[in-house]
Amino acid sequence: VYTRLIRWAAARGLVDEDTIAWHIYHDDPSITDHNKLRVMVGIPVTDPVVPSGPVGITEISGGKCAVCRFLLKRDEFAGAWRWMFSDWLVNSGYGWDNRESFERCHGERIINGSHFFDVDICIPVKVI
């Protein structure tokens, strides 16, 4: 899905080396069967864009989000999400606000020969 979006956006001049990809998760992979997971990928745009084919336009709900930046290996994403919800959130004084949770992907990094993804995990919060 990500590759199709980037190809579509590149053909329209909507991406460059600084483009941040967004991943919006509608399901929990520890609960939902892998073949039934609903995930959206996106890129931020500021000018009007005409959607076509499988590409559409969506707007992320506004409001307060907790954001934590991680350098993650491919197999560390689930643990980072689990930490945000199970450790940070329950001790933060905030509660989960029933809106989209998402990742902002800042790219990939090679550090000491190891491959990492530079991501913000963003979860909607409200004061409890």
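The values are calculated or read from the model by the stated rules, or taken from the named source; none is laboratory data. What you see is a predicted model; the values in this text were computed from it and never measured. Positions of Cβ are generated from backbone atoms using ideal geometry, with glycine treated the same way; all protein chains shown enter the neighbour counts. Just the protein is used for accessible areas: all its heavy atoms, side chains included, with ligands, DNA and RNA removed. Shrake-Rupley method; radii C 1.70, N 1.55, O 1.52, S 1.80 Å.
State whether one or more residues within segment 81-101 are among the β-branched types (V, I, T) and closer than 12 Å to I123 by Cα. No, segment 81-101 contains no residue that is among the β-branched types (V, I, T) and closer than 12 Å to I123 by Cα.
Can you find even one residue in segment 90-108 that is polar (S, T, N, Q), more than 19 Å from Y2 (Cα to Cα) and over 17 Å from the mean Cα position of the chain (by Cα)? Within segment 90-108 (the criterion being polar (S, T, N, Q), more than 19 Å from Y2 (Cα to Cα) and over 17 Å from the mean Cα position of the chain (by Cα)), the answer is yes, since at least one residue qualifies. Considering segment 51-121, there are no qualifying strands (runs of 3 or more DSSP E) wholly inside with 2 or more residues that are among the charged types (D, E, K, R) and either open to solvent by less than 30 Å² (accessible area, probe 1.4 Å) or touching a Ser or Thr at 6+ places or on another chain (Cβ under 9 Å) (or both). Among the conditions (1) assigned to a loop (DSSP other than H, G, I, E, B); (2) under 14 Å from F102 (Cβ atoms), the only one that V41 does not satisfy is (1).
Among the residues of this structure, V15 counts as one that is assigned to a loop (DSSP other than H, G, I, E, B) and surrounded by 15 or more Cβ atoms within 10 Å (Cβ to Cβ).
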